[in-house]
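See below for the structure under consideration.
Please treat every number below as a calculation from the coordinates, not as lab data. Remember, predicted model here, so these are calculated numbers, not experimental data. All Cβ positions, even for glycine, are placed from backbone atoms using ideal geometry, and neighbour counts span all protein chains on display.
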Amino acid sequence: MRKASDRSIFFGQITRCAAGETPMRLTSFFDYTLRLLMYAATHGDRLITIEETASVYGISRTHLMKVANQLTRAGYLKAVRGRSGGLMLAKRPNRIKLGDVLCATEPDFALVECFSSNNRCPITSSCRLRAPLREALNAFTTTLDRYTLADLILNPKDFGVPPAA
């Protein structure tokens with residue numbers, strides 16, 4: 001598990017771009033995916049609900065339900081049905097690699113049109129941008145694979161978890 005001093009890895013600024021520019025943006029689906037997994041990880045074996053998670057993070061319940069369904073199908077969450085049901089992690093946080101989660105929840109992570117299965121770009125055959133962008137995307141997912149969900153959980157109370165009584 002990473003130390004609190006390593007927090008800059010996740011929250012530091014990207015210095016190669018001009019101030020205020022965002023060089024790459026993940027979808028809100030992946031953002032919500034990580035939030036839901038982090039929230040579940042901070043609660044251990046206690047079942048969490050979509051309603052409480054949506055309330056803590058200010059996220060649409062409908063969107064979060066879609067995320068939960070995808071994570072359950074991918075084997076990252078376990079869903080318990082019924083009146084006192086809810087969600088919990090299906091794997092230990094240190095066994096959930098962030099790169100794997102990205103690939104499982106963003107199957108069409110196309111940075112540019114030519115990465116898409118329905119590519120219609122007229123310059124694809126002569127364009128040389130594809131190789132460097134594929135290399136960059138591979139470096140990105142490889143970097144995410146070095147981190148697990150456990151690395152993201154530095155302080156459970158930061159994720160809406162009340163201190164133990």
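In terms of other Cβ atoms within 10 Å, 50, 123 run from fewest to most in the order 123, 50. When Rg and Dmax are taken over the Cα atoms of the range 103-149, they come to 12.6, 40 Å. Paramagnetic label reach from residue 100 (point 7 Å along Cα→Cβ; backbone nitrogen cut-off under 20 Å): within the range 61-86, residues 67-79. If you take the Cα centroid of the range 42-68 and the Cα centroid of the range 114-152, the two points sit 30 Å apart. In plain terms, the chain from residue 126 to residue 113 could stretch by 3.3 nm, reckoned as 0.36 nm per residue minus the Cα-Cα distance.
Estimated from the Cβ-Cβ distance and a Förster radius of 25 angstrom, the FRET efficiency linking residue 74 and residue 135 is about 0.45.
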